[in-house]
Amino acid sequence: MRRYVLAATFATLLVLGAAAGTSMAQTVVQYANWQFLEAGRSDLLRGFIAEFEAANPDIRIEPIEVPYSVYTERMTNVLASGAGPDVLFTQEFTLVPWMKAGYLAELDELLDLSRYSFLPQQSYAQSDGKTYAVLYEGFPYGGLIINTKLFEQAGIDIPRTPEEFIEAAVALTKPPHQWGLAHPFDFSNPSYIMQGGMIVIKGFGGRIIDENGNPAVNSPEFIEGVKYLKRLYDSGGTPVGTDFRLQRDWFTQGLVAMVLDGSYWPLIVRAQNPELYKAIDVYNVPFPKLDSPYETNWYVINANSKNKKAAARFVEYLMSRKVQERWALLSGMGTGEAWTLDLVAERLPWFEAYARATPYGVVRIYKDYEEQTPQVRRMVADAIAEVMTEQATAEEAMNDLQEALVALKGR
């Protein structure tokens, strides 16, 4: 009897040892994303990880939490050292510099990319016929978000042209308690000047850098957009000099009638003021073109990862239809695939304006200036500020900027 007990015990130990060996053999995939620190998104991301691990017990996903404010710098430094996470989330500003530096793995042999109906903006992840990233979030800023209650009270129609836009902003302004338009004209924040200014300028067809990598800020379209921006600045229909974050707060309090912004903004309104959310609607920008800045986020795999196949399995899971559906509806924006636009518009009718604008979204990647993007954006913001504050005419400021950008190329 004792012999049978010993045999059974030994068999049990063998099973436990095999289980331990399986556990030890797990591949650990490090996954970096600043959204682990964002309310709402963090829970969903961790849920995705749990689902993936349950279906793939041979892989464990290790979240790498890095605040957005230091994410790009920290990830760039660790990639440059030859180390870093296996899977990373990144923005367009770092995508091409990382590609050129050789930090990113080629995805064509790791993923079956033919399975996906990517938006046109996916082409920015390609170089010499090879793909280095998959587009996972993208949204245009080309939305005119309206407080319909204020429009109805004033008996004013929704603006459809540049002239009507200024007229509505002025008519709906009753300072200091109500403003027609929230717009960033606080020159202490160049980032917001770029965001708001380029929504207008691109709506007139302006481009900072053209498709051939040449500066185009003194083109007729760009100058026309700057001149219109100056008219908006002088109109009295927007609180010039006021921090844009404060203006956004006013909008969520029902004190502002209009704002030009991305598709994330209506969901912020819903979270902060559910009653106001019922009264908002979104229209396309009232400018000659639907073009607007297009913000993107991408998934990439570290070229130095020793676990590329496991990392690719996780990215493939993130690209699955069920995961993209949940992510798109939570974020209020399309992912990298076109079908998600219809999905979000069906659930959130105000998103239809963004869905129409998406094909015209201009990714904020400046050809041949990728590594100088922060400097270029600051130079453009400063030139816009010169025109607004009448230090120079639109033609003077943009001609000077054109020369400066030409001189900057290749440095």
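The figures follow:
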| quantity | calculated |
| --- | --- |
| Options 222, 165: the member that is among the aromatic types (Phe, Trp, Tyr), part of a helix (DSSP H, G or I), in contact with a strand residue (DSSP E or B) (Cβ under 9 Å, 6 or more places away or on another chain) and touching a residue at least 40 places away in the same chain (Cβ under 8 Å) | 165 |
| Residue 160, sole failed condition from (1) over 22 Å from the mean Cα position of the chain (by Cα); (2) buried (at least 16 other Cβ atoms within 10 Å of the Cβ); (3) outside any helix (DSSP H, G or I) | (2) |
| Some residue of the stretch 7-20 being under 24 Å from residue 322 (Cβ atoms) and either at pLDDT 90 or above or among the hydroxyl-bearing types (Ser, Thr, Tyr) (or both) | no |
| Any hit, the stretch 191-211, residues being of a type in the set (A, V, I, L, M, F, W, C), surrounded by fewer than 22 Cβ atoms within 10 Å (Cβ to Cβ) and touching a Ser or Thr at 6+ places or on another chain (Cβ under 9 Å) | no |
| Selection count where residues are assigned to a helix (DSSP H, G or I) and either in contact (Cβ under 8 Å) with a residue 12 or more places away in the chain or crowded, with 17+ Cβ neighbours inside 10 Å (or both), scope the stretch 345-377 | 21 |
| Strands (runs of 3 or more DSSP E) (entirely within the stretch 232-302) containing at least 2 residues that are out of contact with any helix residue (DSSP H, G or I) (no Cβ under 6 Å at 6 or more places or on another chain) and within 30 Å of residue 72 (Cα to Cα) | 292-301 |
| Residue pairs meeting the criteria (Cβ under 9 Å; at least 6 apart or on separate chains; first at positive phi and surrounded by fewer than 16 Cβ atoms within 10 Å (Cβ to Cβ), in the stretch 92-117; second assigned to a loop (DSSP other than H, G, I, E, B) and at pLDDT 95 or above) | 102/303 |
| Qualifying residue in the stretch 116-128 (condition: among the aliphatic types (A, V, I, L, M), more than 17 Å from the chain's Cα centre (by Cα) and not in a loop (DSSP other than H, G, I, E, B)) | no |
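The values are calculated or read from the model by the stated rules, or taken from the named source; none is laboratory data. The structure presented is a predicted model; accordingly, all values stated were derived computationally and were not measured. For neighbour counting, all protein chains shown are included, and Cβ atoms are generated from backbone atoms with ideal geometry for every residue, glycine included.
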